[in-house]
Amino acid sequence: MNTIVLLMKMLLISYTCLMVLLVPWVLNGRIPRAYYSKYSPKLIHRSSLPFAEAWRSDVEASDLPIFLRARMRTHVLGIAGMIYFYILLTYLLVQTEALCARARGG
């Protein structure tokens with residue numbers, strides 16, 4: 001059981017480091033402030049939603065790669081955050097099981 005707890009600790013620490021490295025990458029891919037005066041806040045917000053696609057017709061073709069880069073990076077961070085949550089939950093369950101096994105004398 002101690003081996004599993006150790007592996008989960010290593011996985012949690014390494015994934016935390018990945019998340020720390022991922023945040024600046026996402027922040028560098030944000031939509032620049034100059035576009036906030038060019039496009040409405042509603043359109044910029046819709047461009048980051050996962051299943052919304054109607055906003056593409058309202059964006060100029062030259063600006064579309066910037067919006068798509070920001071959208072993709074935001075989605076990558078969201079998915080990575082969900083995976084982090086499940087890793088943390090698994091770690092807590094393994095840790096709880098190990099502590100219960102110790103208390104039972106196992």
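Key figures
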item	result
Residue tally, condition part of a loop (DSSP other than H, G, I, E, B), surrounded by 12 or more Cβ atoms within 10 Å (Cβ to Cβ) and either at positive phi or not hydrophobic (A, V, I, L, M, F, W, C) (or both), over the range 42-64	3
Arg56 being basic (Lys, Arg), more than 28 Å from Thr90 (Cβ to Cβ) and within 22 Å of the chain's Cα centre (by Cα)	no
Test set (1) surrounded by 15 or more Cβ atoms within 10 Å (Cβ to Cβ); (2) closer than 21 Å to Cys17 by Cα - Leu89 fails condition number	(1)
Residue in the range 65-86 that is surrounded by the most Cβ atoms within 10 Å (Cβ to Cβ), counting only those that are under 13 Å from Pro50 (Cα atoms) and aliphatic (A, V, I, L, M)	Ala70
Within the range 39-51, tally of residues that are small (Gly, Ala, Ser) and under 16 Å from Val76 (Cα atoms)	2
So Trp25, is it modelled with pLDDT of 95 or more, in a helix (DSSP H, G or I) and among the aromatic types (Phe, Trp, Tyr)	yes
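The values are calculated or read from the model by the stated rules, or taken from the named source; none is laboratory data. Treat the numbers as computed from the prediction; the structure is a model and nothing was measured. Every residue, glycine among them, receives a Cβ derived from its backbone with ideal geometry; neighbour counts consider all protein chains shown.
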